[in-house]
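The values are calculated or read from the model by the stated rules, or taken from the named source; none is laboratory data. Computed from a prediction, not measured in an experiment: that's the story for all the values here. For neighbour counting, all protein chains shown are included, and Cβ atoms are generated from backbone atoms with ideal geometry for every residue, glycine included. Protein only, heavy atoms only, side chains kept; ligands, DNA and RNA dropped before computing areas. Shrake-Rupley method; radii C 1.70, N 1.55, O 1.52, S 1.80 Å.
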Amino acid sequence: MTPTREPDPSAAPHLTPQPQASSADPVAVVGARAPKRWLPKRVLVTASAAATPHGRRIVERVQAAGVQDVRLLRADRLPPLRGEDERATYALAKSTLAVVTSPPSARTLVPIPPSADWRLDLATGCPAHCQYCYLAGSLAGPPVTRVYADLPEVLSSMDSHVGRGAVTTGTSARHGEGTTFEASCYTDPLGIEHLTGSLAATITHVGTHDWAAPVGLRFTTKFDDVTPLLDLPHGRRTRVRFSVNSAGPSGGERFEGGTARVRERLGALRRLALAGYPVGLTIAPVIPAPGWQEAYGALLDDVAAATADVPELDLTAEVITHRFTPKSREVLLGWYPATKLEMDPEQRTTKRGRYGSVKHVYGKETMADVRSWFERELAARVPASRLLYFT
Ligand code: SF4
């Protein structure tokens, strides 16, 4: 197939159909379904990206995946991706993959507490449709997924940060993780891995490079296509966390469109743990709707069932309650006007950041209840897990 410059203004997210699972047991469903794979409607490749070896490999991958509309641009500027209204712009952007080179800001690493010492962006944007998406309001412009073709340059920024940092490096609680790099701040890197190969290259780099001090790569995902990662020389230096939520009519999972189902993510976690990866749970966003204790209790029981017989299991947990900002609320209500997700500032407590930023979080009493419940139930139901933080 030859890449073209033909425009195609039509846009609709296209996701591969998934057969239905028949079992509630996360262990039993491993391998029962095809993994969730996004197929963009169009791929735009900037001139500089097309000139890189990694960019050219991405073009080969998207063509092999069956993308018909691959456009090689003459310059490095992406064409405007705006539809007639907010919904049309959203649909157009969410069905587009842009292959670009990284801006200098992506190679200037910044701290990212409480997750890791440094943020490492392999891409920005995500093709999924979560109604609480934490990217809403964080990234400017239409939500196009942009992957960086100059991956070696991005990875080369890591060396000068090793041995530095304040989240894990030199801390008493988490120093064992080494200097940590978080690759999922602005994307879901596994959700686009079948098209990019960037994650496998990064895991291999972290696992085999001669570092000046211990290093840890971390990322979190709502996808399950882990087969290409299983045999990589990861050296137990990459922790893969699965972002999971409660199921059921009031559960958080119902707000997650275009992702693998939670039980499939747990099956993927199990496979990675059996392949020797340190793994983790990002339980987020916790929504204490009526019946939440039963719903999250069932989730923890599923985690225990999926990991009970994994030898040398290294399993962490991060628990993040639902929150929103005025900006993210506005963006999300534009994208998902009929959402049933509660985003009422009146029902929340306002938290102010260092530079006057506003965040709407649950009240003090609710936060204390949720925190003590997770501390107790994680220890009781998934005793092999280690809680890293609650927020
Ligand atoms: S998977 Fe994560 S990044 Fe992607 S839409 Fe959902 S919340 Fe946003």
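Couple of notes before you dig in:
- Taken over segment 81-148, the convex hull of the Cα atoms encloses 97 Å³ per residue.
- With the biggest extent put first, the Cα atoms of segment 193-327 measure 50, 41, 29 Å across the principal axes.
- Pairs of lysine residues in the chain that meet both criteria, 8 or more places apart or on different chains and Cα atoms under 25 Å apart, total 20.
- With only the Cα atoms considered, segment 347-389 has a convex hull volume of 77 Å³ per residue.
- Site-free segments of the chain were taken between GluC sites (Glu not before Pro) in DSSP loops having at most 15 other Cβ atoms within 10 Å, sites themselves excluded; the longest one is 85-311.
- The solvent-accessible area of D210, taken with every protein chain present and a 1.4 Å probe, is close to 140 Å².
- What the Cα atoms of the chain give is an Rg and a Dmax of 20.4, 60 Å.
- The candidates M367, M343, arranged from most to least accessible area with a 1.4 Å probe in the full protein assembly, appear as M367, M343.
- Cα-derived Rg to Rh of segment 41-182, Kirkwood definition: 1.03
- Rg then Dmax, both in Å and based on the Cα atoms of segment 300-387: 17.2, 48.
- Note on exposure: T339, T349 ranked by accessible area (1.4 Å probe, complete protein assembly) read T349, T339, with the most exposed listed first.
- Charge tally in the Cβ shell below 13 Å around A368, where Lys, Arg are +1 and Asp, Glu are -1, A368 excluded: 0
- Per-residue SASA entry for W335, accessible area with 1.4 Å probe, Å² rounded to 10: 20 Å²
- Segment 83-180, relative contact order in percent, only Cα pairs under 8 angstrom and at least six apart counted: 34 percent
- Accessible area of D121 in the full protein assembly, 1.4 Å probe (Å², nearest 10): 10 Å²
- Accessible surface comparison of S246, S160, S48, S172, probe 1.4 Å, protein chains only, largest first: the order is S172, S160, S48, S246.
- Radius of gyration, Dmax [segment 253-351; alpha carbons; angstrom]: 16.3, 47
- Candidates V370, V310, V100, ranked by Gaussian network fluctuation over the chain, Cα under 10 Å, top entry: V310
- At the listed q of 0.21 Å⁻¹, the Debye profile of segment 135-265, built from one uniform point per Cα, gives log10 I(q)/I(0) equal to -1.33.
- Exposed-site-free run, longest, the chain (rule: trypsin sites (Lys or Arg not before Pro); DSSP loop; at most 14 other C-beta within 10 Å): 237-339
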